[in-house]
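Some notes on the structure that comes next.
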Amino acid sequence: MRPFDYLTLLQFLWAFLSILGFSVRVNLKGPKIWLLALGGGLSWAFYLVILYFSKSLLYSIFGATLLVCAYSEVVARLIKVPVSVFVTCSIIPLVPGSSLYYGMQAYIAGNNAIASEQIYKALLISGTIAMAIAVVSSVTNIIFRLFNRF
Amino acid sequence: MNTFTIQETTEISLEVGRILLQSGATTNRVELMMRKVCGVFGYPETEAYVTPTGIFLSVADRENKVTTSIKRIDNRRIDLGKITSVSHLVGEMEKRHCRDGRCDLGAAQFLEQLHRIEEEKTYPAWLTVFSGGTTSGFFCLLFGGSWMEFVVAYAVGVLVVLSLRLLGKLQINNFLINILGAALVVSFAKLLDIVVPGIKLDNIIIGGIMLLVPGLSFVNAIRDSMSGDLVSGTARAVEALFIAIAIATGSGVMLKVWELWGF
């Protein structure tokens, strides 16, 4: 089974550990940093699995962000941590740092076609993440409003 | 049982707002927390208006006399731990300490608790430095690096976080810090490349750059815009964009310098 083999598991583990480091660096403490790291690992694992089935970069970024934001909204309310703290840590692996670097490198090398392609990709990925976060936070607001009414 | 004058309420509320905003909370949350603090102290008629660089607060007392205060905020520093502790403290005030504007603790004690949160050292310095290394090292592996590259990326992360801590003491602005940070990532990677044979620099530098990417400004920009705080949303989006440009500039310039030097 390709998307669920040990390679995905390893990638999940790397993302998990890097977000663990990140959350220690922004001074979070206690058992919640394990849940934050789990969020970071899950976002990358969702991305890989959806990418395998859909073969579409932006769709998988969108799907992974949606799922991991839903996870954040639920878990952050359960353990009483501000939701934005949770979302910030969980989406870090999806942030297009690599496109930014490759774009810059291509500009330095004078290869404008690849450079614009990479910068365009970075912009599209950030926009997609933005839209996914926006959708989840709006939907959560609506759900809470309905919940309070009835 | 203590009651609070309007001055004490304003002071505590602004202090709560300042700590939250400096640590990187969303505008919506800062406004909510400040209104909640005034509410528990018996002044429910409160308006708070928060932008990333300043706080406006007006509190009305029972005779509808309005007191307005403004606070300017600078040197912001990401510290998600403080946001959690302050939110927790405000929650405690509401649930345990106060009822109908009367509290079992005085203003001085609340200010002292806030002060303690601000001074609190969660982790020793060496642990934050090494966790910076952990982040960049494992991002290097995530983007397809080998174990040797992991070790180099770990060293680069530790060195960069250490130098950023030292640079942070000089109080230079955020964009210059990011330009310098990205330049340092590239330089340390290139330096270690001379010593360690057989590594590819791409994944190492990307791992280092992931330490600097403006994730928090980005998320806050979106959440602020969605909750209707358009001023803060735009300001933070521009901040995130500028930080990204700063990172690209720093790494680009340094790559070119090393290339001209002949590596």
*asked:* Let me confirm one metric for peptide B:201-211, namely the mean number of other chain beta-carbon atoms within 10 Å of its residues' beta-carbons.
replied: 4
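When Cβ neighbours within 10 Å are restricted to other protein chains, what is their mean count per residue of peptide B:47-57? Mind dumping the intermediate values first?
Numbers: counts 0, 0, 0, 0, 0, 0, 0, 0, 0, 0, 0.
Rounded to a whole number, the mean comes out at 0.
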*Can you tell which of B:Ala248, B:Ala60, B:Ala108 shows the greatest fluctuation in a Gaussian network model of chain B with Cα springs below 10 Å?*
B:Ala108
*In whole Hz, what ³J(HN,Hα) sequence does the stretch A:115-131 give by Karplus (6.51, -1.76, 1.60; θ = phi - 60°), x for Gly and Pro?*
4, 5, 4, 5, 5, 4, 4, 4, 5, 4, 5, 4, x, 5, 4, 4, 4
_Using the Cα centre of the stretch B:6-119 as origin and beta-carbon charges of +1 (Lys, Arg) and -1 (Asp, Glu), tell me which of B:Val30, B:Leu80, B:Val50 is placed farthest towards the positive end of the dipole._
B:Leu80
_Relative contact order (percent, whole number), the stretch A:1-105, Cα cutoff 8 Å, 6+ residue spacing_ = 28
*Would you mind computing Rg(Cα) / (2.2 N^0.38 Å) for the stretch B:51-179, counting N as its residues?*
1.53
_Cysteines in the protein assembly as shown that, by Cβ-Cβ distance, have no pairing candidate under 4.7 Å_ = A:Cys69, A:Cys89, B:Cys38, B:Cys140
*Label zone at B:Ser146 (point 7 Å along Cα-to-Cβ), backbone N below 20 Å, the stretch B:192-232*: B:192-208
*Surrounding net charge for B:Ala48, when Lys and Arg each add one and Asp and Glu each subtract one, Cβ distance under 9 Å*: -1
*Taking the convex hull of the alpha carbon atoms in the stretch B:125-261, what volume per residue do you get, in Å³?*
116
*Label 7 Å along Cα→Cβ of B:Glu120; the stretch A:55-92 residues with amide nitrogen under 17 Å?*
A:79-83, A:85-86
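When only C-alpha pairs under 8 Å and at least 6 residues apart count, what is the relative contact order of the stretch B:6-119, in percent?
Working: 170 pairs, mean separation 34.6, N = 114.
In percent, rounded to a whole number, it is 30.
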*For B:Lys190, list the lysines whose Cα falls under 18 Å from its own Cα; do not include residues on the same chain fewer than 8 positions away.*
B:Lys200, B:Lys256
*What's log10 of I(q)/I(0) for the stretch A:46-99 at q = 0.20, 0.25, 0.31 Å⁻¹, Debye sum over Cα points only, no solvent?*
-0.71, -0.92, -1.14
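Under the rule of -39500 (n - 2.57) per DSSP H run of 4 or more residues, summed and divided by the residues of the protein assembly as shown, what mean residue ellipticity at 222 nm is obtained, to the nearest 500 deg cm²/dmol?
-24500 deg cm²/dmol
Which trypsin sites (Lys or Arg not before Pro) does the stretch B:108-174 hold that lie in a coil by DSSP with at most 10 other beta carbons within 10 Å? All intermediate terms of the calculation are to be shown ahead of the outcome.
Numbers: sites: B:Arg116, B:Lys121, B:Arg165, B:Lys169; in loops: B:Lys121, B:Lys169.
When the trypsin sites (Lys or Arg not before Pro) of the stretch B:108-174 are filtered for loop state and at most 10 Cβ neighbours within 10 Å, B:Lys121, B:Lys169 remain.
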*Positive end of the charge dipole of chain B (Lys, Arg +1 and Asp, Glu -1 on Cβ, about the Cα centre): tell me which of B:Trp261, B:Asn203, B:Gly181 has its Cα farthest that way.*
B:Trp261
*Per-residue HN-Hα couplings for the stretch A:142-148, Karplus 6.51 cos²θ - 1.76 cosθ + 1.60 at θ = phi - 60°, whole Hz, x for Gly and Pro?*
4, 4, 5, 5, 5, 4, 6
*What does the protein assembly as shown give for Rg and for Dmax, in Å, if only its C-alpha atoms count?*
22.5, 76
*Quick one: if you stick a label point 7 Å off each Cα along the C-beta vector at A:Ile108 and B:Ile70, how many nm between them?*
4.4
*For chain B, state what percent of all Cα-Cα pairs lands in each successive 5 Å bin, counting from 0 Å until the bin that includes the largest distance.*
1, 6, 12, 14, 15, 13, 11, 9, 7, 6, 4, 3, 2, 1, 0, 0
*asked:* As an exercise, take the mean of 1/r over every pair of distinct alpha carbons in chain A, invert it, and state the Kirkwood radius in angstroms.
replied: 16.5
*Compute the separation of the alpha-carbon centres of the stretch A:88-150 and the stretch B:65-122 and state it in Å as a whole number.*
33
_Rounded tilt (10° steps) of B:215-226 against the dominant C-alpha axis of chain B_ = 40
*Comparing A:Thr140, A:Thr65, A:Thr128, which has the greatest mean-square fluctuation in the GNM of chain A with Cα pairs linked when under 10 Å apart?*
A:Thr140
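Hey, got a sec? Which trypsin sites (Lys or Arg not before Pro) in the stretch A:14-83 land in a DSSP loop and have at most 11 other Cβ atoms within 10 Å? Can you show the working numbers first?
On the way: sites: A:Arg25, A:Lys29, A:Lys32, A:Lys55, A:Arg77, A:Lys80; in loops: A:Lys29, A:Lys55, A:Lys80.
Taking the stretch A:14-83 and a limit of 11 other Cβ atoms within 10 Å, the loop trypsin sites (Lys or Arg not before Pro) found are A:Lys55, A:Lys80.
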*Given N residues in the stretch B:181-255, what is Rg(Cα) / (2.2 N^0.38 Å)?*
1.41
_Please enumerate, by chain and number, the lysines with C-alpha under 22 Å from the C-alpha of B:Lys71, excluding those fewer than 8 residues away in the same chain._
B:Lys36, B:Lys82
*Indicate the gyration tensor shape class of the stretch B:1-120 (rounded, prolate or oblate), computed on the Cα atoms with a ≥ b ≥ c the square roots of the eigenvalues: a/c under 1.5 is rounded; otherwise a/b larger than b/c is prolate and the rest oblate.*
oblate
*For the stretch A:8-24, just list the computed ³J(HN,Hα) in residue order, Karplus coefficients 6.51, -1.76 and 1.60, θ = phi - 60°, integers in Hz, with x standing in for Gly and Pro.*
4, 4, 4, 4, 4, 5, 5, 4, 4, 5, 5, 6, 4, x, 4, 6, 5
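Taken together, the values in this text are just the output of simple stated rules run on the coordinates, not laboratory data. Small disclaimer: the values here were computed from a predicted structure and weren't measured. Cβ coordinates were reconstructed from backbone atoms using ideal geometry, including for glycine residues, and neighbour counts include every protein chain displayed.
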